[in-house]
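**Q** Just dropping this structure here.
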């Protein structure tokens, strides 16, 4: 089966996902790309499985109503972003424990219990994610539909009209139910706009499965393009020294075969030396006569 790609995305688009050490081995070693039911997420406006009431009226003033929801499908999804590492997302999805570990933890290899919610940032492309979904779903029984959607962010006051427009235009069309369900999962309130989110979405039709997770098997070394260790590890003393803390994470990833894909982030590095050149005699430098005099006076002063 083929994965349907959002028109606003390209197969070459880089995408990123924060993966906590709790789940890193499952993804990087065992090749498990795990999608979850959207109702497990915190945002109450995830609409794919929420009922929508439609009231019908006609010229003879007759009224009828119908309730639609995503109950005809098991729906699974996952969050990625088009935004490379940034401070806001890093602090939201990666929790670094700066306290010393309990004495009983000192004999543990990394990751220790206190490190489980710290995350690495992995990258791939939309095209590789498409291939992973299409290939992985071939091994899963039943009728499956898959999409990759770029999230649209709307003011809360506009969500109802957006749902109306979607259903009004597409609901009566035969075979439109999977696309409608996926589209209902592809917009959020603009309070979440900083996430720049991209979602793979899988719908399973007419299945009695009640699992909360959908496991897509991947080849991790082909799927993942790069890995960034939380850059705060290099700049805060977590255990012993920042160098020791960084090295134990680097060594674990290397033991899993990802040494060549580890990248360093400059997010918290010292800034470069900023240098500017001002030619006070250049009449085209945009300085007024008084500004040139002021600069010449400033530069003539001895330290």
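**Q** Among 43, 6, 230, which comes first, second and so on when ranked by fewest other beta-carbon atoms within 10 Å?
**A** Going from sparsest to densest Cβ surroundings: 43, 6, 230.
**Q** Let me ask something additional. Taking the simple approach of a point 7 Å from Cα along Cα-to-Cβ for both residue 12 and residue 26, what is their distance in nm?
**A** Output for this residue pair reads 3.5 nm.
**Q** If you take the beta carbon distance between residue 2 and residue 110 as r and set R0 to 30 Å, what does 1/(1 + (r/R0)^6) give as a FRET efficiency, to the nearest 0.05?
**A** In this case the efficiency is close to 0.15.
Throughout, read-outs are computed from the coordinates displayed, never taken from laboratory work. All of these numbers come straight from a predicted model, not from anything done at the bench. Note: ideal-geometry Cβ built from the backbone for every residue, glycine included; neighbour counts use all protein chains shown.
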